[in-house]
Each structure stands twice: as structure tokens, then as C-alpha cells.
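Working notes for the structure below.
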Amino acid sequence: MSADKANSNKGKILILATESCAYPGANSVGQAHSPYPANTYILRVRAPVLFPEKFYIDCFRKGIGGIIIMSCGEECPYEGAYHALAKRIDNVFQMMKAHNLDIRRLRLTAICTVCNRAFLKEVNEMNKLIEELGPPEYKEAA
Amino acid sequence: MEPSRELNFDALVIGGGIAGLQAALDLADQNFKVAIVEKDATIGGKMIRLSKVFPTLDCASCITTPKMAASAHHENISIFTYCDLTSLKRDGQEIKADITQMPRYVDADKCIGCRQCEYGCPVYVPNHEEGNFNFRKAIYIPFSNAIPQIALMDVENCSLCGKCAKVCPTGAVDYFQQPEDFVIRAKTAVLATGFKLTPMDQKPQYGGGKIQNLISSLDMERLLAPHGPYQRVIRPSDGKEPDSIAYVQCAGSRDKTLGVPYCSRVCCMYAIKQAMLLSGALPLADITIYYMDIRAFGKGYEQFFQNAKAMGIEFVKAKIAKIEQADNQYVRLRYEDQEGNGGVVEREHDLVVMSLGMVPDWNPAGVCDVACDTDAFIKSTIPSLAPTVTSIEGVFAAGVAIGPKDIVDTIAEAGAAAMEASKYLNALENPKAA
Amino acid sequence: MSTKKTAETEEPRVGVYICHCGGNISDHVDVKKVAENLEKVPGVAVAHTNMFMCSDPGQELIQEDIKSGKINRVVVASCAPSLHETTFRGAIKRADMNPYLYEHANIREQVSWVHHGEAATAKATSLVTAAVAKAKELEALDPIKVDAARHATVIGGGIAGLRAALDLAQRGIEVALIEKSPFLGGQAANLERIVPTGERAADLIQDLAAKVMADSRIRVYTCSRIVKSEGYVGNFKITLKTQPPDSQADLEKLQEVAAKGEKPGRFVPFAGFLAVKVPTTASEQVLDSGAIVFATGFSTYTPRDGEFGYGQNPEVITLPQLIRFMSQEKSRGRSLTINGRTIRRVALVHCVGSRQIPGIHEPDADGGLNEYCSRTCCAATLQAASEIRERYPLTHVLEYYRDIRTYGRGQEEFYERASENHVMFLRYEPEDPPQVERLSKGNFPLRVTVKDTLTFGEALSADVDLVVLSVGMVPSRIADLVDMMKLPVGADRFLQEVHPKLRPVELANTGILLAGTCQAPMDISEACNAAAAAAAKATSLLSKGYVELDPFVAQVDLSRCKGNGACVAACTVDAIVMQTVEVDGQSVERAEVNPALCTGCGVCVAVCPENAIDVKGWTLEQYEAMVDAIVAD
Ligand SMILES: Cc1cc2nc3c(=O)[nH]c(=O)nc-3n(C[C@H](O)[C@H](O)[C@H](O)COP(=O)(O)OP(=O)(O)OC[C@H]3O[C@@H](n4cnc5c(N)ncnc54)[C@H](O)[C@@H]3O)c2cc1C
Ligand code: SF4
Ligand code: SF4
């Protein structure tokens, strides 16, 4: 299965993309046929506020190299959810430090349904970063 | 011949293009029983035959097939394809339609759409669905995403070799099938009979249809479709990849001498769309659009036009006076220069597309006494406030049948026709409420 | 449902269907290979490929496997789920399986259109494997049925709002028609004769408004605004505030009406149809409504100070102002006169405030540009031009345009008529718009100079008495409603439909519909079509007396809930409450979700220390399974 291993030496990037903004935004990049690195895995979410801190830490523990949360930003259709999310991510950053994880591996951004350029920029930057950083060296918190 | 059966519905929709499908869905969702009668062997109209659609550049099939499938599967909708409407009249409180089911020479109940007959048939016929660019068999399913998936035989080209009947696993082929007359009675009707393109050979100064590599816009749609005849864009005469492609706008519209004084509304936008798709498919090709006015008036259309300009598509304001065959199967365009230094200019292109206009597909004369305007489209009797109302009580119209328009406007109008029809049905049921 | 039981108790057997999309996918992804890879994934019962999964034969492939009992979960890998998720759910439902035992993998927009070669095939394999991992965790769900009020609220009393209200009423739905001014008719009240039918706008408004007033199912609330909106499709609670008019424009119009002694029930030119008595005190009320139709319309673009000399020269006016002057102009002379001034030559400038181009046009105070075409101004300008020429043969007319967009049936005739009337046409490029300058001496107050592309870009100057700007449409100011109801707005600042072809009159907010020019510029007939289409959608929603909603809402696992209440505190829409329940003979507090209010955002999921609450169809466990599948290969 050599073809299927093509990406495995590179770190993997998990993208949590909101159903109403970033996920169609990623589709819009597709419609424009703009290429980007293939080690990206987009999961469709209703609102990323659903994920507890532990979810992120577990992802890194399992070997995910970087996570980009592509939200709707202030345009979030769920009242108050963006605010709650921003707070949650602050907590995750604290926990990441405790687990010896570079906090740049987690990004919170806003991507709209036609934000092609912003999408590409985020993905390319994260890809460059995890190439530099190598695989996450997760440690159990003290 | 006596009609074999009589069927009753709340609403009858004539035409299974996007207008007819949307009107039928909007009525069926309000719990009315609807019949769609389509003359073609598949529903979907022109839209299912397009490549991608402006202004979103969604693939046409991806937008049409959900509506086709939703209609085909709706519990309140019955679809009758390959039918000839011979009469549509008001009959007391009802609308009575006389319909002939044309013979497919394939038993629709038995056919499972496996295409064995098609594979077995030895006769190749130029495929009209693909602009005659490739071939189909004498027995065939219209195209891959047709609904219903039932084969039909083209008797004019059939050699009666019997192969199809032999290979059909269900014994569906029936060389002796006869036309069958039936009647549909409904309380209301929606006419959604759509359009055809103005003919290629209409204008002698445009070569009368005899110039090689001068093609119609619908042919270009097929060349651009992901599952089109060659799956790439080539010059039909010799298979050359074109370096220079041109569009002749208003070819067949805005021309009183042709009896088409009106603007066809979609040709500017589809030319721009095709030009954008072409510059994706053939990044090195030069694309020129010769136009009188660019009519990009819908939501997001002007932005679409400006994007095309920014992509390097050349827009030349000129009315093409003459089209001729040049050497090496090139096409020569002659026009009066307005923007440069004046005088007559000649330019040659590998491939030239005629942005043909729209004329009604259906001529009701002798079938239905619905009033038409001088331009032959169905007349709207309340044109501003209720554009879908026609001269016959309880009969409404939508889509290009009642005037050229794009898909977005067609879909809105189909919803409006469904609303008029549903109000009419409601008033019949509750005379006091109206 | 029997299938629900079997699906939950039986081992998952996933059917995987991979679409070629006629080459869109298969040109870059080796779909055969993906299917072969998937066949090896535990829990996958079958893996097929097909040219067009969305076609009938494609859907039948799934249905046959369901009916023969081979599979009890479905994964389709094809285009974006926005296009075909419902198509495949529908197909599954018709095969008598629960439609929510379905997961979609997007291998076109997010794979074949952006990646190539082996990497594309590998990524497609991973995404489909992840979808299978989620599918194995799926549960059967049932849509939520909510009772719906057979009542609709139409916001805006212009032509589209009147049309929508009448259509709804005639289908037996009660309607509240809300208009902020004292008048019905909206912007159309400022028109004289409309293109191309030549009907009087006054007659159209009078006709519709009188029917609306006569219909007992419609209640008209003028001088009213929505101050609060709560609830959800079928059950909106709308708070309405009615108060005496305070806008300068309304007060002036009311004075004029009073001076003429007009009473409610009649159309007043350039004001509208005075519907009911103007309120003298403020009042508030709450309406229970099943659906909301937006018909808030447009306002005309106000040129910037100095744009084509506007604001700096009294001789520069807008087209609506010209129409009004001309309707009041009773002089029968052979020249147009305006405020007593004889107009010998008039310049009409198209596309003012429309078709603006970044880098060429100056953005407005909010940084916005009106990049769109306003659709109606070309025909209206040509009509005005011909009317001037025909009524006042000594007044000459020049038109400065970019493209003449007389697209509608019967409109091209106006273009021709203007030419026959010797209107002179000059064509400009957006980079070189006509320049309007004030003349200090000579006969004429203004000079218009343009690089005319119809005469090889020659600079042509004309001295004129009047410049008329064909101003475009801008959406009405409804920022308060946009914020309150969280409505999607496009880059053009008009309300944004879900999809222009699939769901053209619906907003993403379920139960809120679009009618007319609040969505985009359109003319009266087009606005009426859109309004009727919106009414048809509202009727489909409300006529049954209930609406069916997606089942993706929060669900409490009572075996885990300890009643700590973190979810109640976290929920922003008050969809969770604490209820007293009996557990082992003891009264305890447990969380309970109101599914009709829950938006399914999942804010509660993350805060529950017991993992006792999840969003149905999007559970944490499912996400974890997907991540495991992605890291596994
Ligand atoms: C080259 C080209 C490209 C285009 N591209 C775009 C685009 O990108 N975007 C866009 O928005 N629009 C586009 N359009 C316009 C679009 O095709 C039309 O707006 C749309 O198809 C109109 O739908 P309709 O249902 O009114 O008509 P049709 O699609 O013509 O459907 C009418 C149906 O009625 C049937 N019928 C006719 N007479 C009878 C009868 N007597 N009995 C029974 N059935 C009958 C016909 O067979 C047909 O199936 C394009 C048009 C062309 C020509
Ligand atoms: S849409 Fe454009 S090409 Fe078509 S008739 Fe109108 S102006 Fe001509
Ligand atoms: S309708 Fe005509 S004047 Fe109005 S914006 Fe469009 S092109 Fe310009």
C-alpha cells in the first residue's frame, strides 16, 4: 500500500471546519481548483465549541501534528459560541504547555465560505510549521 | 383510437425542464397530486445538458439531478416521458389533456436500464445529444444521468437485426409497440415548455450553417461537460486543440429581421461562463467575445463579468457583420471596428461559438388556445403583479415558455406559478375562502 | 420503526459507494483502488464504485444492498455534502432504512479538485475510512416534529410584501404585514409609469393594497418595527412596536396628505397607500408566527458629495427626482422646465452607484463597493429619455452608458424608441467616467466631457442645463434585524439565500424566507415572482400544521447525568432546564433538553464533566473514531 503511505511521513493536520462557513469555504477552494498540501483532513463540525479541552490533547497524543480550527469567527450562527470557544482554546494552550507541546500547533481562525486565500494561507503555514517542528513530543503532564 | 385510460390529478405540468420540475415539487410539497408530461425520453430539460452553470460554476448535473430525483421519487408526483400532447383544453371545471405515449419499442415496465441492448446494437448513429460529435447506438438510454433510465429505439436507424431483443435479460424489446392514447384530467395546469435555440443556418451572412468549426453554444456546453463527447475541448473538424476561440454575441437575438427582436438574457452570461471554463481547460488559448452590450444583470453576474475581464478574456465591442470559412478550417469574422481606429476589421479564429438566442420550443397552435405574444412566447395577462397568469383560467406558465430567462429567474418563476396554481386549487376546494 | 432496532442491535455492516463524478473525481483519484482499500477495513460489507452516484442507477445500487440485507450503514464518497447528502439520505429512506445511518465523504471539492496523483488516492482512502469509522457509531434518528402556527409575518409593505401577504392569505394562512412607515407600496410609490408595460405604478399599488386591506386574514401594522424576535420555525415570537411616525420624510408626506384631505384607503402619489390611521401613542404586542418573509426592499443610492457634481450643483439630480419633477410639471411647452428653468439639453448618466470596480471607484464610508448591476436603471433611464423627447421636442437628451441592459421582454423596444427619438448615446469605460464641470460663463451651467468609445475614444464635451444620475439600488438599512435574527448577508450587502438555484428564496435560518429586492436588485414583475415563490415555500412549511426539523440536537444520557447543571449554565439559547426526576426512589435534578429550541451547537457537550450530554448525529465518540482512523494509516 505504498500509495496510501504517501503522506504518513509528513505530520498530519486536522482541520475542524464549521458547517456554515469554513467547510463550504474549503469547498470553494476546491471549486477554484487551488491545490494545497494533501496531509490535511477536514472534519465537518456544527460548531467547534463542542470539543472539550481533552479532545485536542488526545489528538496530539495520538500523533496529529497540527490542528486548525476554522470557525465562523464573530459571524458564528450560534449565539455566544465563539466567545466560549476562544476561552476554551486558552485553556487548551495552557494544557499543551504542560504536555510539552508547541502551542503553535493549534490555531484558531475564522474562514468564510469564499475565503479561498485565507484558507490556503492557514494550511500552508501550518504545514510549514509542522515540517519544522517534526512529530509532536507528547509527554504526560507532571 | 379510443384513449386507453383516463387519469386524474390536481395539477398537470407540461414540460419536465427545471421550470416544470420546480413547479411540480412546490405543488407536491403542498400535498397536491401532480403529473408531469414531457415530450423527451428524459426529464431535466436543457439544464441537465449544460456543463457548469453561472454564476456559481456548480456543475449543472449536480444541481439538476437532485431536483430530477426528488420529483421522480416524490409520492405526489407521477412522470410521463416521451409523450406527445395533442390537446389541452378547459372542460368545465377541469383541464383535459389528450396525450399520446410514443412507442419506445421497449417495454418501460420491463426495462431495467442495464444497457445490454445498447452494447449489443451494431448500428452507430451521430449522437444529437452530444452535438453529433460522437456516436450512439440505434437503441440507447439518452445519457448517463437521464431519468427514467429506460432504453428507447430509434426506428429510423434500426437495421432490424434483432440483436437487442436477443440480449435483453428481461425481454423488454418490442418491435411492434404501438402509440397509446390516454387522457389526463386535472384542476389546474402549468405550462413549462421551455425553449430551443435559434437556428444556426438562419442568417446567410453567417454562412447558413455550412461553416466548419462554427458551433452553437449548446455544442460548446457539451464539449465543456466533464462527461462530454471528447472529455476535452477540441476543434470538431480535425481534433486540433484550439489556440483561439471567439464568441459571436446576439447571434440570433436583438434582430428584427429574424423575428427575434428581444434580448435572450442568458447568452452574455453563458458566453462569459464558457470563456472562463475554456481558459481553465486551455490556459494558453486566446478567447475573444464580440458583443454589443454585456448584459450581466443578475445577482453576482457583474462581478462574474469583471472577473472574466481580469482573467484576460478579451471583450470587443462589435457587431459581427459576416462569418466566412478561411483556409485551414479557420473561421473568419468581419466587423466594423468601434474602439480602435475604425474601418472594417477581419480576424480569424480556430473555433467560433455562436451565442444563439432562445425561441419557444412549443407552438400551442392547434393544441391549446392559450394566447401568445407577437414574439411567440406565451402571453402573461397580468405581467407585472402575477407574471405567470395566462389567458386561460386555471392555466399558468413558468420559465422560458413565457420569455427568455436564466435558471435562477426560472426557478423563482416556477415557484410563483406553483403558488398561483395552489391558490387556484384552494379556491376550488373552498369557494368561500377565495 | 423496526429498522431502528435491528440497526442498533446488529453488528454494523457498512456499504461504501465511491463516485467517479463522470471523471471529476476519477481523473485524479484512483477510485477502484480506494474501493479495494476500503474492502479491507473491518466493518465494511461492500465497496462499490459508480460513474454518477447521484443518478438513479447509483442510488439503486445502495437500495439493492440495503434490501438484500447486505448492509445496515451507508457511506457515499462523492462531491460536497451540501449537494447530495439529502439525495442519499432520501434514497436510503426509500429503501426502508433510517436515513441517519449515513455518512458522507467529500472526495471531490476536498480531494480530487485540490490534490493529484497518489496523494489524492491516499487522502481519499483516509477520508472514506474515517467516514466508515463514524458510520459504525451512528444511531438511527427520527426527525423532530414541531407544531407550527398557521401564521406568517411579512416584513415590509412594498410590492413584494403585499404580493406575499396576499398569496399566503389566499392559501388560508393568517398574515401580519409589518411596515415601518405609515404607507404601503414602498419604493414603487415613487414611480410614474413602469417599464415595459406602461402601467401606472399607482394603479398597481392601489390594486394590491386594496386587496390586502379587504382580506380578513391579513392584519396590517404600519408605523411598526420588530424590536425582538425569539423562537424558531413554526413558533416565532415576534415583538412589535407601533409608534407615531418620527422620520422627517414620513412627517412631510403625512402633511401633504393631510393638506389634500386624503383619508386612509387611497394611494397618494410619491407617498404610498395610507393604510390605516396613523397611531398617536406607542404600543407593543407579541405575535406568534410560524414563518417570516423578508420583503424589506431597497433604497436608492445617494451619490457622494461631488460625484458627477452632485450636491455641489443644483442642476445635478437623480433619476427618481427627475421622475417626480416631471410628474409635477404641468407646463405644456415644447421644452422641459424644472423649477421654472428651461432645459435645453439634459445628460443622463447610467450606472451611478452600481457596477463599481475595486481600484477604480471609491469605497463608501463603510469600505463597501456596489459591484453589482442594479438591473432596472437602464430601462428606466431610456423610458425617461423617450418621455422627455416625446413630450418636449425642444429638449435634447444625451445618454452616457457602459452597456445598455434592456434584457427583459418588451424592454429592447425602449432602447429602439430612444434611438428613434434621437437620443444621443455616448459610451464610457469605468476608468474614464463622464466629467461634470461648472461653467462660469456662457449659456449653460454645466459641461459634461467624456471619452466616447463609440467614436474611437474621442473626448466629447456637451454643455447642458441638467444632469440626471441613474442611481442604483442599495439594500434597505436593516442592520438591527440582521443582528437580531442573525441573518446571512452577502458581500454585496443584500440578504444571502442558501443557494441561488437549489434554495433561492430561503435563508439559512429555517423558516425565514426572502421576497424581492432585499435579496438583489429586481424589477416589479421579478419581485412579485420571488414573493410568490417565497409564499409557496412558507405554505409548504406551514400548511401541515407542523414542521419537521433535523434531529441533530443535544441529548442527555440519564444514566450518566449527575445533575451538576454545567450544561444549563453554558447553553446560550436556554434550551436546557433542570427537571426533578425519580431515580432509585429519590427525587434528583437532571438536565432536560427542549429539542425545538436546541440549535445543536454542542456548547454543553464540552462542559459536562460526566460526558453525559452529546449532540445526536455528531457525537464526541464519533469524532474520536474519525481521528483514530486518520492517524491509523
Ligand atoms: C448554451 C446555454 C448555456 C446556458 N447556461 C446557463 C447557465 O450557466 N446558468 C443559467 O442560469 N442558465 C443558463 N442557460 C439558460 C437555461 O438553460 C434556462 O434558463 C433553463 O434551462 C430554462 O428552463 P425551462 O424549464 O424553462 O426550459 P427547458 O429546459 O427548455 O425545459 C422545457 C422542457 O419542456 C419540454 N417540452 C417542450 N414542449 C413540450 C410539449 N409540448 N409537451 C411536453 N413537454 C414539452 C422540453 O422537452 C423540455 O424538457 C443556458 C442556456 C443555453 C442555451
Ligand atoms: S444576453 Fe447578451 S448576447 Fe444575449 S441577446 Fe442579450 S445582449 Fe445579446
Ligand atoms: S441596469 Fe444599466 S444603468 Fe443600471 S447598473 Fe445595470 S448597466 Fe448600469
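Let's test this: bin the Cα-Cα distances of chain C at 20 Å from zero up to the farthest pair and state each bin's percent.
16, 38, 31, 14, 1, 0
Could you grab the Rg to Rh ratio for segment C:85-169? Cα atoms only, Kirkwood for Rh.
1.26
Please report, largest first and rounded to whole Å, the three semi-axes of the ellipsoid equivalent to segment C:307-472, where each semi-axis is the square root of five times an eigenvalue of the C-alpha gyration tensor.
On the way: eigenvalues 111, 74, 52 Å².
The equivalent ellipsoid of segment C:307-472 has semi-axes of 24, 19, 16 Å.
Mind checking the per residue accessible area of segment B:78-125 for me, 1.4 Å probe, whole number of Å²?
Details: 2310 Å² over 48 residues.
I get 48 Å² per residue for segment B:78-125.
Counting only GluC sites (Glu not before Pro) that sit in a DSSP loop (anything but H, G, I, E, B) with at most 12 other Cβ atoms within 10 Å, what is the longest stretch of chain B containing none of them? List each step's numbers first, then the result.
Values: sites that count: B:Glu75, B:Glu156, B:Glu393.
Of all site-free stretches, the longest is B:157-392.
Is there a quick way to get the dipole size of segment C:307-472? I mean about its Cα centre, with the Cβ of Lys and Arg at +1 and of Asp and Glu at -1; what is the value in debye to the nearest 20?
Working: 20 positive and 23 negative charges, 165 e Å.
Around 800 debye, computed over segment C:307-472.
Averaged per residue, what accessible surface does segment B:1-55 expose to a 1.4 Å probe, in Å²?
Normalised by residue count, the accessible surface of segment B:1-55 is 31 Å².
How big is the C/A interface in buried accessible area, both sides summed, 1.4 Å probe, to the nearest 100 Å²? Write out the running numbers ahead of the final one.
Values: alone 29980 and 8170 Å², together 34140 Å².
Roughly 4000 Å² of accessible surface disappears when C and A pair.
Semi-axes of the equivalent ellipsoid for segment B:5-53, please: Cα gyration tensor eigenvalues, times 5, square-rooted, ordered largest first, whole Å.
Details: eigenvalues 101, 39, 6 Å².
Largest first, segment B:5-53 gives 22, 14, 6 Å.
Pairs of Cα atoms under 8 Å, at least six residues apart: use those to get the relative contact order of segment B:104-175, whole percent.
Details: 113 pairs, mean separation 31.3, N = 72.
Worked out over segment B:104-175, it gives 43 percent.
Suppose we compare each residue of segment B:282-325 in its chain alone and in the full protein complex with a 1.4 Å probe; which ones drop by at least 30 Å² of accessible area?
Residues shielded by partner chains are B:Asp293, B:Ile294, B:Arg295, B:Phe297, B:Lys299, B:Glu302, B:Gln303, B:Gln306, B:Lys317.
Before I look further, what does segment C:307-472 give for accessible area per residue, probe 1.4 Å, in whole square angstrom? The partial results should precede the final answer.
On the way: 6840 Å² over 166 residues.
Here the per-residue accessible area is 41 Å².
Ordering B:Trp362, C:Trp113 by how much accessible area each has at a 1.4 Å probe, largest first, what is the list? Kindly include the intermediate steps, with their values, before the conclusion.
On the way: B:Trp362 50, C:Trp113 15 Å².
Ranking B:Trp362, C:Trp113 by accessible area, largest first, yields B:Trp362, C:Trp113.
Which pairs break 21 Å Cα to Cα here: A:Lys128/C:Lys123; C:Lys93/C:Lys537; A:Lys62/C:Lys123?
Details: A:Lys128/C:Lys123 19 Å; C:Lys93/C:Lys537 23 Å; A:Lys62/C:Lys123 18 Å.
Over 21 Å Cα-Cα: C:Lys93/C:Lys537.
Between the DSSP loop rule and a limit of at most 16 other Cβ atoms within 10 Å, which trypsin sites (Lys or Arg not before Pro) in segment C:15-121 are left? The partial results should precede the final answer.
Values: sites: C:Lys32, C:Lys33, C:Lys40, C:Lys67, C:Lys70, C:Arg73, C:Arg89, C:Lys93, C:Arg94, C:Arg108; in loops: C:Lys40, C:Lys70.
Sites meeting the loop and neighbour criteria: C:Lys40, C:Lys70.
What percent do you get for the relative contact order of segment C:554-616 when only Cα pairs under 8 Å and 6+ apart count?
On the way: 111 pairs, mean separation 28.3, N = 63.
That works out to 45 percent.
In whole Å, how far is the Cα centre of segment B:162-235 from that of segment A:27-55?
Segment B:162-235 and segment A:27-55 have Cα centres spaced 42 Å from each other.
State the answer as a single residue: which of C:Tyr232, C:Asn190, C:Ile205 lies farthest towards the positive end of the charge dipole of segment C:177-249, with beta carbon charges of +1 for Lys and Arg and -1 for Asp and Glu, about the Cα centre.
Result: C:Tyr232, furthest along the dipole toward the positive end.
Which entries of C:Lys40/C:Lys134; B:Lys273/C:Lys33; B:Lys67/B:Lys299; B:Lys423/C:Lys616; C:Lys180/C:Lys211 show an alpha-carbon separation above 28 angstrom in the structure shown? Don't skip to the end; give the middle numbers.
On the way: C:Lys40/C:Lys134 16 Å; B:Lys273/C:Lys33 34 Å; B:Lys67/B:Lys299 22 Å; B:Lys423/C:Lys616 39 Å; C:Lys180/C:Lys211 20 Å.
From the list (C:Lys40/C:Lys134; B:Lys273/C:Lys33; B:Lys67/B:Lys299; B:Lys423/C:Lys616; C:Lys180/C:Lys211), the Cα-Cα distance tops 28 Å for B:Lys273/C:Lys33; B:Lys423/C:Lys616.
How large a share of the accessible area of segment A:3-133, in percent, is made up of carbon and sulfur atoms when the probe is 1.4 Å and the other protein chains stay in place?
Working: 2560 of 5150 Å².
Summing carbon and sulfur atoms, their accessible area is 50 percent of the total for segment A:3-133.
What is the interface area between chains A and B, defined as buried accessible area summed over both chains with a 1.4 Å probe, reported in Å² to the nearest 100?
On the way: alone 8170 and 19080 Å², together 27140 Å².
What A and B bury together is about 100 Å².
Expressed as a whole percentage, what fraction of the accessible surface of chain C belongs to carbon and sulfur atoms when a 1.4 Å probe is rolled over the protein heavy atoms?
Working: 12220 of 24860 Å².
C and S atoms contribute 49 percent here.
Regarding segment C:554-616, what are the three Cα extents along the principal axes, ordered largest first, in Å?
Between the extreme Cα coordinates on each principal axis of segment C:554-616 lie 34, 21, 20 Å.
Antiparallel DSSP bridges in the protein assembly as shown: what percent, to the nearest 5? Walk me through the numbers before you get to the answer.
Numbers: 95 of 199 bridges.
Looking only at bridges with both residues in the protein assembly as shown, the antiparallel portion is about 50 percent.
Could you please state how large a percent of the accessible area of chain B is carbon and sulfur, counting protein chains only and using a 1.4 Å probe? Each step should come with its number before you reach the end.
Working: 8060 of 16000 Å².
With neighbouring chains kept in place, the figure for chain B is 50 percent.
Per-residue accessible area for B:His74 at 1.4 Å probe radius, Å² rounded to 10?
40
In segment B:382-427, which residues give up 30 Å² or more of accessible area once the other protein chains are added, compared with their chain alone (1.4 Å probe)?
B:Pro383, B:Ser384, B:Leu385, B:Pro387, B:Val408, B:Ile411, B:Ala412, B:Ala416, B:Met419, B:Lys423, B:Asn426
Please list the radius of gyration and Dmax for chain A, considering alpha-carbon atoms only, with Å as the unit.
Calculated on Cα positions, Rg and Dmax stand at 14.9, 47 Å.
Return the value, in Å² to the nearest 100, of accessible area buried between chains C and B (probe 1.4 Å, both sides summed). Walk me through the numbers on the way to the answer.
Details: alone 29980 and 19080 Å², together 42950 Å².
Roughly 6100 Å² of accessible surface disappears when C and B pair.
May I ask for log10 I(q)/I(0) of segment C:514-553 at q = 0.33 Å⁻¹, from a Debye sum over the Cα atoms as equal point scatterers with solvent left out?
-1.01
Divide the volume of the convex hull of the Cα atoms of the protein assembly as shown by its number of residues and quote the answer in cubic angstrom per residue. Present the calculation step by step, with values, prior to reporting the outcome.
Numbers: hull volume 242.0 nm³, N = 1209.
About 200 Å³ per residue, rounded to a whole number.
In segment C:604-633, which residues become less accessible by 40 Å² or more once every protein chain is in place, relative to the chain on its own, using a 1.4 Å probe?
In segment C:604-633, residues shielded by partner chains: C:Ala606, C:Trp618, C:Leu620, C:Tyr623, C:Glu624, C:Val627, C:Ile630, C:Val631, C:Asp633.
With the contact rule set at Cα under 8 Å and sequence spacing of 6 or more, what percent relative contact order holds for chain C?
On the way: 1335 pairs, mean separation 85.1, N = 633.
It rounds to 13 percent for chain C.
Round to the nearest 0.05 the FRET efficiency obtained for A:Ser34 and C:Arg493 when R0 = 25 Å and r is the Cβ-Cβ distance.
Details: r = 26 Å, r/R0 = 1.06.
After rounding to 0.05, the efficiency reads 0.40.
What is the ratio of the Cα radius of gyration of segment B:1-121 to 2.2 N^0.38 Å, where N is its residue count, to two decimals? Kindly include the intermediate steps, with their values, before the conclusion.
Details: Rg = 16.1 Å, N = 121, 2.2 N^0.38 = 13.6 Å.
That ratio works out to 1.18.
How much accessible surface area, in Å² rounded to 10, belongs to the heavy atoms of C:Ser419 with a 1.4 Å probe?
60
Which net charge results for the neighbourhood of C:Ser112, defined as the other residues with beta-carbon distances under 15 angstrom from its beta-carbon, given Lys and Arg at +1 and Asp and Glu at -1? Walk me through the numbers before you get to the answer.
Numbers: positive: C:Lys32, C:Lys33, C:Arg108, C:Lys123; negative: C:Asp27, C:Asp30, C:Glu109, C:Glu118.
Spelling it out: positives minus negatives among the neighbours equals 0.
The values are calculated or read from the model by the stated rules, or taken from the named source; none is laboratory data. On a predicted model such as this, the values are computed, not experimentally measured, just so you know. So basically every Cβ, Gly included, is an ideal-geometry build from the backbone, and we count neighbours across all protein chains shown. Note: accessible area is taken over every heavy atom of the protein model, side chains too, but ligands, DNA and RNA are not part of it. Shrake-Rupley method; radii C 1.70, N 1.55, O 1.52, S 1.80 Å.
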